[in-house]
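Asks: After the structure tokens below, expect a handful of questions from me.
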Amino acid sequence: MPLLYDSTTKTFTIHTDHTTYQMRVDEYGYLVHLYYGARTEGQMGYVVTYADRSGMCASPHDASDRTYSLDVLPQEYPFQGGGDMRNTLLVVRDANGTFGCDLRYDRHEIRDGKYALKGLPAVYSESADDDARSLSITLADKRLGLEVELLYGVLPKIDIITRAAIIRNAGPAKVVVKRAQTACLDMVHGSFDVITFNGRHAMERRPSRCAVTPGSFSVGSRRGMSSNQYNPLMIMCDRDATETSGRAWSMSFVYSGSFLAEVEKDQYEQVRMQMGLSDEQFSYPLEPGEELIAPEVIMTFSNAGIEKISHNLHRCIRKHVCRGPWRDRPRPILINSWEAHYFDFDGDSLARLAGKAAELGIDMLVMDDGWFANRYDDMRSLGDWTVNEQKLGGPLSQLVDYVNAMGVKFGIWVEPEMVSEDSNLYRAHPDWALAIPGKDPVLGRDQLVLDMSRADVRDNIFNQLCAVFDSANIEYVKWDYNRSIVDVYSRCASDQGKVLYDYILGLYDLLERLIQRYPDMLFEGCSAGGGRFDAGMLYYTPQIWTSDNTDAHDRMTIQYGTSFGYPCSAMGAHVSASPNEINGRDVPLTTRGVVAMAGGGFGYELDLMELPERACELIKGQIKMYREIDPLVREGLYYRLSSPKKDRVCSWEFAAEDGSEAIVCAVVLEVEGYGVANYVVPRGLTRGALYREATSGNVYPADALMDVGVPLPVGSAPYMTRVYHFVRLDDAD
Ligand code: GLA
């Protein structure tokens with residue numbers, strides 16, 4: 001049984017195949033965290049220490065015991081007001097403006113299946129074979145009549161435990177939630193590193209690792225989006241943990257708005273890791289009977305290094321977060337018009353691009369920004385989702401039919417959450433944009449953000465989008481979002497502290513309505529590239545444009561970082577022109593192809609008409625190869641074999657779960673005079689077996705491959721690229 005309750009000791013135990021999580025209701029009714037680690041039986045109550053640590057550590061009144069203090073105890077849902085002076089998860093204010101609550105165990109329930117969250121994305125299980133279970137533990141504050149329902153979900157076979165919390169006002173008066181984080185993990189001792197994924201527009205999710213030292217370390221977003229700057233993924237690990245050894249714990253937020261992830265080492269060298277909503281510009285009033293859901297956090301543990309954390313998260317996101325038919329299907333290979341033409345296209349140039357795409361074997365043309373209203377540049381027209389027929393040379397259906405007739409599918413770009421001041425929508429409804437009365441709104445890319453917390457705004461955008469999607473055979477939508485939210489003010493909000501959260505609920509509502517209405521449509525998320533690359537968006541869009549930076553060299557770093565928390569199937573990756581438009585770097589087409597093939601959303605983003613014949617032949621070869629390796633890219637285990645920042649060679653691998661085959665890719669990054677030999681060392685092969693490399697026909701023992709590896713040619717030029725396809729030989733071979 002994955003979920004057990006021992007009523008004698010009031011202990012809850014969650015088992016997955018390789019991990020155990022344990023907590024206990026103690027004699028005062030507080031929910032104490034005991035253990036999250038390698039799978040074990042038994043009672044871990046012994047890990048908690050009690051001692052008189054002076055009056056500085058306050059004790060609950062009913063305890064009248066100086067050795068008992070919430071300031072020291074490892075807890076499941078620490079709150080402000082009980083004496084815990086570390087970072088807490090919950091801060092509330094009552095109707096008199098007073099801070100402080102006291103949450104004690106009230107009741108619990110164990111259910112089959114995985115809980116869902118109303119209006120928010122959450123990990124799901126669709127098969128009884130998953131053996132999913134849910135645990136709900138309700139803590140209550142008697143004075144306020146406040147309840148916090150802690151939800152735990154378990155997918156035992158993939159070592160995933162999820163958490164969410166519902167904060168419910170069951171009392172007679174209004175309360176205001178000032179901070180509502182979702183989950184924490186308290187460690188009673190240990191020497192840890194914390195890994196976060198940081199960057200900026202066009203350079204997202206670079207891993208950064210540092211020691212956990214006394215005090216608080218945090219990353220987060222106050223941008224109203226998860227952001228290009230910090231990703232809502234945090235890993236904590238033993239100081240000496242590597243890809244393949246040591247203990248590691250992770251939290252991944254299933255939410256696309258402002259967030260906060262923190263690690264604190266306290267005065268007793270205990271460590272608390274936590275994640276949830278940002279409390280900046282947050283203040284959520286709950287009238288009697290109302291509730292607020294603290295969005296889901298996905299947790300996993302590995303005692304075999306960080307790679308296992310990634311594998312667990314990949315399995316979870318691939319099959320239990322992403323939804324719809326495209327979750328399991330090979331995605332169309334795209335040609336996107338953005339880096340080919342930017343705003344400078346018309347119906348004829350798109351038709352030519354599609355014609356060339358057909359010749360090369362590309363599946364779909366995506367018409368990016370610039371197809372609507374007066375959108376000849378990025379200064380105007382967002383919000384006016386009407387086709388510019390003059391630019392396209394006729395109705396959209398005419399172009400799409402023409403492209404389809406060549407055997408090429410058609411996709412379209414939209415940025416539905418935005419409005420330009422120079423737009424009919426803004427002129428008609430200036431109050432639909434987030435803007436503070438009496439203050440000039442701050443612009444981002446010359447645009448404003450629509451108030452998605454309002455149902456009337458969402459209805460308008462929904463109807464406009466449906467009119468476009470219904471007008472032609474559109475099979476793909478790229479959903480973009482190109483600025484941060486600065487001015488937080490909604491004309492309709494009862495409290496402006498609700499707006500950022502309600503905005504995200506509104507976004508999810510709009511996306512849900514669209515995916516229900518167009519169940520076969522492939523949606524790709526995008527936010528100035530990878531600004532909203534999070535598990536929340538992946539619930540609606542099974543792939544996300546990983547970064548606006550398409551330079552293969554930088555992309556190795558970006559995709560490497562992204563892979564810590566997200567599967568390759570989720571990454572949009574295209575081959576673009578060289579030298580690269582953003583950083584001017586020249587990288588050979590073969591390398592650009594192999595790097596882009598590490599994304600399940602593979603495609604091209606350059607003017608195909610300008611390519612020399614030899615490049616076209618290379619592209620045909622890439623497309624053939626991509627179709628062959630696609631199942632392994634989308635469904636296989638991904639291995640980071642070396643680091644693009646620390647090693648001379650960047651190498652990565654996709655291996656079948658059963659070890660029957662593996663694709664190993666390597667790109668030489670740094671060369672030296674008469675250099676040493678570089679070896680590529682795969683993992684995940686079947687020990688004792690032999691493997692044939694498909695191109696060379698060479699046969700290798702798996703153990704030698706995984707110990708010594710294969711040498712790359714000595715004296716390789718920069719960006720020399722190799723792809724090895726190892727296929728396990730059966731006894732019969
Ligand atoms: C963003 C996206 C790009 C492109 C442009 C269009 O920057 O990330 O891929 O769609 O917008 O304006």
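The values are calculated or read from the model by the stated rules, or taken from the named source; none is laboratory data. Model, not experiment: these values are computed from the prediction. Positions of Cβ are backbone-derived with ideal geometry, glycine not excepted, and every protein chain shown enters the neighbour counts. Side chains included, ligands, DNA and RNA excluded: accessible areas come from the protein's heavy atoms. Shrake-Rupley method; radii C 1.70, N 1.55, O 1.52, S 1.80 Å.
Asks: Please enumerate the residues belonging to region 460-485 that are touching a Lys or Arg at 6+ places or on another chain (Cβ under 8 Å), assigned to a loop (DSSP other than H, G, I, E, B) and within 16 Å of the ligand (Cβ to nearest atom).
Replies: TYR481, ASN482, ARG483, SER484
Asks: Moving on. Among residues belonging to region 522-539 that are in contact with a Pro (Cβ under 7 Å, 6 or more places away or on another chain) and assigned to a loop (DSSP other than H, G, I, E, B), point out the one that is nearest to the ligand (Cβ to nearest atom).
Replies: Looking at the filtered set, the residue picked out is ASP534.
Asks: Let me ask you something else. Report, by residue number, each residue of region 94-116 that is closer than 29 Å to LEU507 by Cα and buried (at least 19 other Cβ atoms within 10 Å of the Cβ).
Replies: Listed by number, the residues that qualify are LYS114, TYR115.
Asks: Now for a different question. Please count how many residues of region 647-663 are touching a Phe, Trp or Tyr at 6+ places or on another chain (Cβ under 8 Å) and free of Cβ contacts under 8 Å to residues at least 40 places away in the same chain.
Replies: Looking only at that region, the number is 2.
Asks: Shifting gears a bit: Condition first: in contact (Cβ under 8 Å) with a residue 40 or more places away in the chain and touching a strand residue (DSSP E or B) at 6+ places or on another chain (Cβ under 8 Å). Now tell me which residues in region 379-398 satisfy that.
Replies: Within region 379-398, MET379, ARG380, SER381, LEU382, GLY383, ASP384, TRP385, THR386, VAL387, PRO395, LEU396 qualify.
Asks: I'd like to check something: does region 491-502 contain any residue that is closer than 29 Å to ARG327 by Cβ, at pLDDT 95 or above and open to solvent by 30 Å² or more (accessible area, probe 1.4 Å)?
Replies: yes
Asks: Restricting to region 549-562, give me the number of residues that are in a loop (DSSP other than H, G, I, E, B) and either closer than 19 Å to PRO718 by Cα or in contact with a His (Cβ under 8 Å, 6 or more places away or on another chain) (or both).
Replies: Here the count works out to 2.
Asks: For VAL594, work out the one condition from (1) surrounded by 22 or more Cβ atoms within 10 Å (Cβ to Cβ); (2) part of a loop (DSSP other than H, G, I, E, B) it doesn't fulfil.
Replies: Result: VAL594 fails condition (2) only.
Asks: Tell me which residues, restricted to region 688-733, are exposed (fewer than 14 other Cβ atoms within 10 Å of the Cβ), of a type in the set (A, V, I, L, M) and in a strand (DSSP E or B).
Replies: VAL699
Asks: Give the residues of region 328-384 that are within 28 Å of the chain's Cα centre (by Cα) and away from the ligand (no atom under 12 Å from the Cβ), sorted by residue number.
Replies: ASP328, ARG329, PRO330, ARG331, PRO332, ILE333, ILE335, ILE362, ASP363, MET364, LEU365, GLY383, listed by residue number.
Asks: Ok, one more. Across region 209-263, which residue is most open to solvent (accessible area, probe 1.4 Å) among those that are in contact (Cβ under 8 Å) with a residue 40 or more places away in the chain and charged (D, E, K, R)?
Replies: That would be ARG222.
Asks: Quick one: which residue in ASP551, ASP607, ASP630 is closer than 18 Å to LEU334 by Cα and surrounded by 23 or more Cβ atoms within 10 Å (Cβ to Cβ)?
Replies: Only one candidate passes the filter, namely ASP551.
Asks: Within region 268-314, which strands (runs of 3 or more DSSP E) (wholly inside it) include 3 or more residues that are in the same structural domain as PRO74 (by TED's automatic domain parsing) and open to solvent by less than 10 Å² (accessible area, probe 1.4 Å)?
Replies: Ranges flagged: 271-277, 291-302.
Asks: What residue, among those in region 503-521 that are out of contact with any helix residue (DSSP H, G or I) (no Cβ under 8 Å at 6 or more places or on another chain) and open to solvent by less than 10 Å² (accessible area, probe 1.4 Å), is farthest from the ligand (Cβ to nearest atom)?
Replies: Among them, the one singled out is TYR503.
Asks: Let me ask another. Any residue in region 21-46 that is surrounded by 21 or more Cβ atoms within 10 Å (Cβ to Cβ) and among the charged types (D, E, K, R) sitting within a Cβ distance under 8 Å of a residue that is modelled with pLDDT of 95 or more and outside any strand (DSSP E or B)? List the pairs, counting only those 6 or more apart or interchain.
Replies: Every condition considered, the pairs that remain are ARG24/THR9; ARG24/LYS10; ARG24/GLY45.
Asks: Looking at region 415-428, which of the residues that are away from the ligand (no atom under 16 Å from the Cβ) and open to solvent by 60 Å² or more (accessible area, probe 1.4 Å) is farthest from ASN460 (Cα to Cα)?
Replies: GLU421
Asks: Being among the hydrophobic types (A, V, I, L, M, F, W, C) and outside any strand (DSSP E or B) is the filter; apply it to region 67-111 and report the residue that is nearest to PRO285 (Cα to Cα).
Replies: Looking at residues that are among the hydrophobic types (A, V, I, L, M, F, W, C) and outside any strand (DSSP E or B), I get ALA95.
Asks: Counting just the residues of region 499-530 that are touching an Asp or Glu at 6+ places or on another chain (Cβ under 7 Å) and among the aliphatic types (A, V, I, L, M), which one comes out nearest to ILE436 (Cα to Cα)?
Replies: Selected residue: LEU507.
Asks: Still on this structure, please answer the following. Can you find a residue in region 444-455 that is away from the ligand (no atom under 16 Å from the Cβ), in contact with a helix residue (DSSP H, G or I) (Cβ under 8 Å, 6 or more places away or on another chain), aliphatic (A, V, I, L, M) and open to solvent by 10 Å² or more (accessible area, probe 1.4 Å)?
Replies: There is at least one residue in region 444-455 that is away from the ligand (no atom under 16 Å from the Cβ), in contact with a helix residue (DSSP H, G or I) (Cβ under 8 Å, 6 or more places away or on another chain), aliphatic (A, V, I, L, M) and open to solvent by 10 Å² or more (accessible area, probe 1.4 Å).
Asks: If you don't mind, there's one more thing I want to ask. Residues in region 52-62: is at least one over 20 Å from MET275 (Cα atoms), surrounded by 15 or more Cβ atoms within 10 Å (Cβ to Cβ) and of a type in the set (Ser, Thr, Tyr)?
Replies: Yes - at least one qualifying residue is present in region 52-62.
Asks: While we're looking at this one, here's another question. If you check ALA577 against the conditions, is it in contact (Cβ under 8 Å) with a residue 12 or more places away in the chain and touching a Lys or Arg at 6+ places or on another chain (Cβ under 8 Å)? Reasoning before the result, please.
Replies: Details: in contact (Cβ under 8 Å) with a residue 12 or more places away in the chain: yes; touching a Lys or Arg at 6+ places or on another chain (Cβ under 8 Å): no.
No: the conditions fail for ALA577.
Asks: If the requirement is being buried (at least 19 other Cβ atoms within 10 Å of the Cβ), of a type in the set (Lys, Arg) and either in contact with a Gly (Cβ under 9 Å, 6 or more places away or on another chain) or assigned to a helix (DSSP H, G or I) (or both), which of these qualifies: ARG168, ARG143?
Replies: Unique residue meeting the criteria: ARG168.
Asks: Let me ask another. Please work out if TYR674 is under 22 Å from the mean Cα position of the chain (by Cα) and either open to solvent by 10 Å² or more (accessible area, probe 1.4 Å) or not aliphatic (A, V, I, L, M) (or both).
Replies: So TYR674 fails the test.
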